[in-house]
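Accompanying notes for the structure given below.
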Amino acid sequence: MLRITDTVFIADWELSESFTRSQGPGGQNVNKVETAVELRFEAERSPHLSPSVKARLKRLAGRRWTLDGAIVLRAEETRSQIRNRELARERLVEMIREALIPPKRRIATKPTYGSTLRRLKAKTVRGDVKSARGKVEPEE
């Protein structure tokens, strides 16, 4: 079980891990040890997350959100499989914690009296400039 907050947690059946060989240099061990971790979290089927949290999580996950509603995280920074597992789980926890915070509602405000007057004055000046353009009448 993976604890996100005091009230939110993820059951073990929602997580699955697979291990592959890491990319990049690694010396003699590079072709033998499977240290990279691919963590898969079944977000869409999770009973512990509300629909609004799932929607925010989908937006946060971006490309990591699969068509069947799972989040796939890959960690291959270190040469230790255990540390890579911890890194992938930490990333998932941070992502879910970020999705748990509801966005602040925007409070509509009225423009100040002064800003309204400045806007109208600027419109008048611009209109005068435009009306001054046009055909020039020949003088007699």
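The values are calculated or read from the model by the stated rules, or taken from the named source; none is laboratory data. Given the structure is predicted, the values throughout are model-derived calculations rather than measurements. In this analysis, Cβ positions are derived from the backbone assuming ideal geometry, glycine residues included, and neighbour counts consider all displayed protein chains.
Listed here are the residues, each with its yes/no results for (1) at negative phi; (2) among the aromatic types (F, W, Y); (3) at pLDDT 90 or above.
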position: R59; (1), (2), (3): yes, no, yes
position: Q81; (1), (2), (3): yes, no, no
position: E94; (1), (2), (3): yes, no, yes
position: Y113; (1), (2), (3): yes, yes, yes
position: K121; (1), (2), (3): yes, no, yes
position: V125; (1), (2), (3): yes, no, yes
position: D128; (1), (2), (3): yes, no, yes
position: V136; (1), (2), (3): yes, no, no
Exception for R74 within (1) closer than 30 Å to L2 by Cβ; (2) among the charged types (D, E, K, R); (3) out of contact with any helix residue (DSSP H, G or I) (no Cβ under 8 Å at 6 or more places or on another chain) falls at (3)
The condition of being at pLDDT below 90 and small (G, A, S) holds, among S22, S52, only for S22
Residues in the stretch 119-140 that are surrounded by 10 or more Cβ atoms within 10 Å (Cβ to Cβ) and either within 39 Å of the chain's Cα centre (by Cα) or outside any helix (DSSP H, G or I) (or both) total 1
For the stretch 77-109 the number of residues that are in a loop (DSSP other than H, G, I, E, B) and acidic (D, E) is 1
If we keep only residues of the stretch 70-96 that are surrounded by 15 or more Cβ atoms within 10 Å (Cβ to Cβ) and small (G, A, S), then the residue farthest from E17 (Cα to Cα) is A70
Next item on the list: Please tell me if T116 is of a type in the set (S, T, N, Q) and either exposed (fewer than 10 other Cβ atoms within 10 Å of the Cβ) or touching a residue at least 24 places away in the same chain (Cβ under 8 Å) (or both).
Entry: no
Residue pairs qualifying under the 8 Å Cβ cut-off, at least six apart or on distinct chains, with the first in the stretch 1-20 being over 19 Å from R83 (Cα atoms) and the second being hydroxyl-bearing (S, T, Y) and modelled with pLDDT of 80 or more, are I10/S46; E14/S46
Taking the condition in a loop (DSSP other than H, G, I, E, B) and either within 13 Å of L92 (Cα to Cα) or in contact (Cβ under 8 Å) with a residue 60 or more places away in the chain (or both), does A43 pass?
yes
Selection over the stretch 41-53 where residues are surrounded by fewer than 18 Cβ atoms within 10 Å (Cβ to Cβ) and closer than 17 Å to R3 by Cα yields a count of 4
Among residues of the stretch 56-69 being loosely packed, with under 12 Cβ neighbours inside 10 Å and assigned to a loop (DSSP other than H, G, I, E, B), the residue nearest to the chain's Cα centre (by Cα) is L67
